[in-house]
1. For residue 153, are the conditions met, namely being modelled with pLDDT of 95 or more and under 14 Å from residue 107 (Cα atoms)?
2. Looking at (1) in a loop (DSSP other than H, G, I, E, B); (2) under 23 Å from the mean Cα position of the chain (by Cα); (3) in the same structural domain as residue 81 (by TED's automatic domain parsing), can you tell me which one residue 375 breaks?
3. Is it true that residue 100 is farther than 28 Å from residue 213 by Cβ, surrounded by 13 or more Cβ atoms within 10 Å (Cβ to Cβ) and modelled with pLDDT of 95 or more?
4. When you go through 141, 203, 241, 191 one by one, which is the residue that is out of contact with any strand residue (DSSP E or B) (no Cβ under 7 Å at 6 or more places or on another chain), without any contact (Cβ under 8 Å) to a residue 40 or more places away in the chain and surrounded by 20 or more Cβ atoms within 10 Å (Cβ to Cβ)?
5. When you scan segment 338-351, do you find a residue that is in contact with a strand residue (DSSP E or B) (Cβ under 6 Å, 6 or more places away or on another chain) and either in a loop (DSSP other than H, G, I, E, B) or at pLDDT 95 or above (or both), even just one?
6. Sort out which residues of segment 273-307 are without any contact (Cβ under 8 Å) to a residue 60 or more places away in the chain, under 19 Å from residue 394 (Cα atoms) and buried (at least 24 other Cβ atoms within 10 Å of the Cβ), and write them in order of number.
7. Of all residues in segment 84-97, count the ones that are surrounded by fewer than 16 Cβ atoms within 10 Å (Cβ to Cβ) and under 25 Å from the mean Cα position of the chain (by Cα).
8. So which residues in segment 370-379 are without any contact (Cβ under 8 Å) to a residue 60 or more places away in the chain and surrounded by 17 or more Cβ atoms within 10 Å (Cβ to Cβ), if there are any at all?
């Protein structure tokens, strides 16, 4: 980030802060400077109070799952580690922990407070560095030990931990620059600790094992102390705060070995109780308006809650009720094919990866809920491992909580369609909620009144996703901008005004003007004020009607202004579909359906765009740091009042 860009960002960031936050940031900056004095300081001697749970036997696993876990462990020992969703990187043997495996840049071993994490020349792509150092893959080695009892896995685990402790002493290097990352690392260290037998485990046998234990505990103390002193507050109190508190709670509960541990545990527990309710709406939607972070935050809250159950310090009924509502929303928006709309930001980050694939986090969370709340036997391997490592009784929860729903007005989402959960399912989702959470709405996208649609378990009208946080600015702007969503853009401007990669200065506010009565006889009308900021203010009103009897969807967009404006309407289609535009209209063919669309209005220009670069249009990102072309129908006109109406008719075929 050059000087001018940095100054603009700083001014914009200050605009999003309250007086109280400014004071907090000043105190944090002072604490960071003073923290240099703590570098190299030894932790107080730990007391022998570490928590060792009754982890016995093995979870029930199918042989192919066990084989896949062991194969992954072999690859980890060879230096090949999966980061993000499914990309495997060569991280070296022994691992070079401060090196970005994507760019090859190795961050300097200097005081963490002196590092600029956005300086790619200094630290590379910090997301890749952090992802490696979350140590999800070290849990895999502990699983391999639990499965086989072969001592080589303990040796590999000890070597990995030893090298990390040597290369990443407290407060030194890029792996001490984020309290959230420290929290995730503590959670995975706790899982390792339980799976290898805790305090008396063979990992700590002999003189070298005792030295490993002592140095590890020193680092754990530094992790807890650093998190407690640098919690994300005010406009940054989003999933970061939940993750930091969960890590602090897990660290202080697993290793209550110092005089500060009780205070850390009580503070983290109290604040987690508050954030579990504050960061999810009354109908279960994460307030960041980013479905990946909906799951991310839920993973943190589940781990903390399960450890509370295992250590007989249960969290409240209200805490678990918030999780039940969060899973109800997730189950509701997930289609028959297992797809969850990619609303808002996503970076494929997860708190733990305990099954061999680690890809379907929604399925894992829902299976976890079925077991924890519903009392069902654990069927998902990741759930089996998590409950094996954190054994405890069922929490106090509402056994009558509904499984699914269609209307989530407080969170800002409404579902339309019919035959939910069946082979002929039509499931659409309308976004009529806020842009994001708190002052900067960091992970929200400019997607007011956008639609998504799946048919027969196939994605059809899609949200294109995120791609990357740190690639060239134009890609960050595109994927979070209005033209990457199934809604209307005016005068080439986004609905909301960006102030940086994770900041919105002016936020479009959507409102529901007519609430539908059911998903299969859906009749909605709503608007947003994003373009009221223009010199000639523009009001965008969208009506959405779905008729389940005829499988017909009608979307009507009205733009009201005094003068004519350029109006663009975008429809993004999943890359696997066959999309064709002709004089008769648009035809979209999937595996089991055909969707026909007719557009009506004044002086409409229709064009299919695929993989355009400058400016970007027609791209889809299923996983972090990957993108592929997709078909986008762009409808353009110049108008001050004439509506545009799009009529979609869905027909099934090949129905067996």
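1. No: the conditions fail for residue 153.
2. (2)
3. yes
4. So the residue among 141, 203, 241, 191 that is out of contact with any strand residue (DSSP E or B) (no Cβ under 7 Å at 6 or more places or on another chain), without any contact (Cβ under 8 Å) to a residue 40 or more places away in the chain and surrounded by 20 or more Cβ atoms within 10 Å (Cβ to Cβ) is 241.
5. yes
6. Residues satisfying the conditions are 276, 301, 304.
7. 3
8. Residues satisfying the conditions are 370, 371, 373.
The values are calculated or read from the model by the stated rules, or taken from the named source; none is laboratory data. Keep in mind that this is a model prediction, so the values were computed, not measured. Ideal geometry is used to build each Cβ from the backbone, glycine not excepted, and the neighbour counts take in all protein chains shown.
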